Amino acid sequence: MVRTPRLTESASAVFAVLAQAGTATRPQLASLARLSKPTVSSAVAELEGVHLAAHSGTSSGGTGRSAAVYRLGPAAGAVLAVDLGPAVTRVRGCALDGSLLAEATGPREDAAGVVREALSALPADAPLRTIVVAVGDVTPPQRMRPATAKAGPVFDAVAVALPPGVPVHLENNVNCAALAELHEGAARGRHTFGYLRIGVGIGLGIVVGGQVLAGANGAAGELARLPYPWDDDLEPRHEALEEYIGARSLLRRAAEAWPDSDDSCPRTAERLFTLAGQGSAVARAIVDRHAVDVGRLAAAVTAVLDPGLLVLGGSTGAYPQLLPGVRAELERLSWPTEVVSSRVGDLGTVVGAARLAVARGVQTVTEAGGTKD
């Protein structure tokens, strides 16, 4: 476990605002932390003394006077974010100011190798503060374990590569992607929205007041558990809705509808949408039907949340070709709701996980504070 020096309350506050700002002068730090300039000067000296802050040049003001600029020091450390996707593992290493230090991508079956590649690219003198692993499972609030703990099935694939003693947090992958859309994607500037992921599985990231809603069991947005089918003669089955809307069923329906004389039957969603865009009537009909199904799911979400904005993401949901059909079905069944395609794409989960990891990493340093000034 990385040991952090106990900081005074003012040093902890200055460290937190410096991490968020990236670089800042002492007057800027005083304004951001709402502390007096003498207190900030003392806090900066304290942080420099333990290498949590470092001098980073000078800045000239309008009066011609220059001021020292500070950034995080080498002892601030780094964090790791792992998107343990169904087919691809994506890893990012970041400094506590959010700057990218390392990244690696590879197949799920080599997840440990992808993690090791990213770890090897991190600065050797940067202590690893925390690790966030984004998974497709329900993650109860405060679910955390040290990397030395016995690995559960959700991250057996990466646990062998994680350095011992570093806190590991499990986060829901859809919630991570929703955070990425909030800060860097299609929902930027919006404080309430739903991120609807349609791919191999289905899920909903719910953002209210700028915060992801996890739910009492960490299961908010688990759309796969919606009763389906809802019919007088049919009994709802466990996760039957996900089975129906997911990418595997979409491709199965394509195979069933494809003419036997045509050997171009798509084996991937990407190929299906490409053929639809090229004018294939069969592919277009399948895509249009998929848009109606997603639109009905969107109507169910809107009826409960009234989010004002729905962002469509996932390996099939992000295709803009779905938008007209989804919008039309949602308008038919519910009230006006803006629907847009994801802007962060496949990187959304790891980008959101990295943002969470940075916040937790800063917290590990500032929580070592508490000493009165």
Exercise. Can you tell which of 281, 285, 276, 303 is surrounded by 15 or more Cβ atoms within 10 Å (Cβ to Cβ) and farther than 24 Å from residue 180 by Cβ?
Worked result: 276
For this session: From the list 109, 46, 103, pick out the single residue that is acidic (Asp, Glu), buried (at least 18 other Cβ atoms within 10 Å of the Cβ) and not in a strand (DSSP E or B).
Result: 46
For this session: State which residue is nearest to residue 361 (Cα to Cα) when the search covers only region 4-15 and only residues that are among the polar types (S, T, N, Q) and part of a helix (DSSP H, G or I).
Result: 12
Problem set entry | Flag for residue 98 being at positive phi and either assigned by TED's automatic domain parsing to the domain that holds residue 158 or β-branched (Val, Ile, Thr) (or both) | yes
Problem set entry | Filter result (under 27 Å from the mean Cα position of the chain (by Cα) and among the aliphatic types (A, V, I, L, M)) within region 4-23 | 13, 14, 16, 17, 18, 19, 21
Problem set entry | Residues that are under 14 Å from residue 163 (Cα atoms) and more than 21 Å from the chain's Cα centre (by Cα), drawn from region 122-137 | 124, 126, 127
Exercise. Has region 23-32 got at least one residue that is more than 30 Å from residue 201 (Cα to Cα), among the β-branched types (Val, Ile, Thr) and buried (at least 18 other Cβ atoms within 10 Å of the Cβ)?
Worked result: yes
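Residue-wise test of (1) at pLDDT 95 or above; (2) crowded, with 20+ Cβ neighbours inside 10 Å; (3) more than 15 Å from residue 361 (Cβ to Cβ); (4) assigned by TED's automatic domain parsing to the domain that holds residue 164.
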residue	(1), (2), (3), (4)
2	no, no, no, no
40	yes, yes, yes, no
56	no, no, yes, no
66	no, no, yes, no
For this session: May I ask you to verify whether residue 316 is under 14 Å from residue 204 (Cα atoms) and polar (S, T, N, Q)?
Result: no
Exercise. Are any of the residues in region 16-34 in contact (Cβ under 8 Å) with a residue 24 or more places away in the chain, in contact with a Ser or Thr (Cβ under 8 Å, 6 or more places away or on another chain) and part of a helix (DSSP H, G or I)?
Worked result: yes
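The values are calculated or read from the model by the stated rules, or taken from the named source; none is laboratory data. None of the values given here were measured: they were computed from a predicted structure. Here Cβ is always computed from backbone atoms with ideal geometry, including for glycine, and neighbour counts include all displayed protein chains.
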